1. Out of segment 116-131, which residues are outside any strand (DSSP E or B), touching a strand residue (DSSP E or B) at 6+ places or on another chain (Cβ under 8 Å) and buried (at least 17 other Cβ atoms within 10 Å of the Cβ)?
2. Kindly indicate whether any position in segment 75-97 is at positive phi, at pLDDT below 95 and not basic (Lys, Arg).
3. Do you know which residues across segment 133-163 are under 21 Å from residue 113 (Cα atoms) and touching a Lys or Arg at 6+ places or on another chain (Cβ under 9 Å)?
4. What are the residues in segment 47-99 that are among the charged types (D, E, K, R), more than 30 Å from residue 159 (Cα to Cα) and in a helix (DSSP H, G or I), if any?
5. If I ask for residues that are out of contact with any Asp or Glu (no Cβ under 8 Å at 6 or more places or on another chain) and farther than 28 Å from residue 53 by Cα, which ones from segment 72-91 would you list?
6. Over 22 Å from residue 55 (Cβ atoms) and in a helix (DSSP H, G or I): does that describe residue 113?
7. For segment 132-143, which positions are in contact with a strand residue (DSSP E or B) (Cβ under 9 Å, 6 or more places away or on another chain) and either outside any strand (DSSP E or B) or surrounded by fewer than 21 Cβ atoms within 10 Å (Cβ to Cβ) (or both)?
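The values are calculated or read from the model by the stated rules, or taken from the named source; none is laboratory data. All values derive from a computational prediction rather than experimental measurement. Methodologically, a virtual Cβ is constructed for each residue, glycine included, from the backbone with ideal geometry; neighbour enumeration extends over all protein chains shown.
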Amino acid sequence: MTEQTFHDFSALTITGERREMSEYRGHLVVVVNIATQCGFTPQLTALQELHERFRPHGVSVLGFPSDQFHQDPGTDADTEEFCASVYGVTFDLFSKIDVNGPDAHPLWQWMCAQKAGVIGGRIAWNFTKFLIDGEGRVLRRYAPPVPPVRIAKRIESELGLRA
């Protein structure tokens, strides 16, 4: 039996369509749990910059809204409109999910099992970020305060863009 990878999962897009993560095969992927009313919400600007800068190199940013920390109220449509109008987000957004507990999305359960954080496998807060390689393996987990520019350095290294 082959080991499970990121590409074995699927999720609903923010508009309700099923998306297979295998569509990102061969891409570096930054997966992040986002919220619209969090102190880290301004990271959406830097995540959008990552998306624009590295998309031509096969990098995808995926935002998964979650209200588990009570900082993303409203509907998926509300979240989508906010992200687009306030932060100019054009990277892929998914339907609101749980990231912890028995109802956590299976993708998030798997990522947390692959790279536990400082409090074990649980997601501590909004804007926890995972970097996934083109084969679907978790390369790194980044805590919420880690700015996306730090991830850019790792992306450059993975893509061979740094000397």
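1. Scanning segment 116-131 gives 123, 126, 127, 128.
2. Just the residues of segment 75-97 that are at positive phi, to begin with: 88.
Cutting the leftovers down to at pLDDT below 95 gives us none.
Checked segment 75-97: no residue is at positive phi, at pLDDT below 95 and not basic (Lys, Arg).
3. 134, 135, 136, 138, 139, 140, 141, 142, 143, 144, 146, 151
4. 76, 78, 81
5. Of everything in segment 72-91, those that are out of contact with any Asp or Glu (no Cβ under 8 Å at 6 or more places or on another chain) and farther than 28 Å from residue 53 by Cα turn out to be 74, 75.
6. Numbers: over 22 Å from residue 55 (Cβ atoms): yes; in a helix (DSSP H, G or I): yes.
When the stated conditions are applied, residue 113 passes them.
7. 133, 134, 136, 138, 139, 140, 141, 142, 143
Residue-by-condition table, conditions (1) of a type in the set (A, V, I, L, M); (2) in contact with a helix residue (DSSP H, G or I) (Cβ under 6 Å, 6 or more places away or on another chain):
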site: 6; (1), (2): no, yes
site: 21; (1), (2): yes, yes
site: 24; (1), (2): no, no
site: 34; (1), (2): yes, no
site: 38; (1), (2): no, no
site: 45; (1), (2): no, yes
site: 51; (1), (2): no, no
site: 54; (1), (2): no, yes
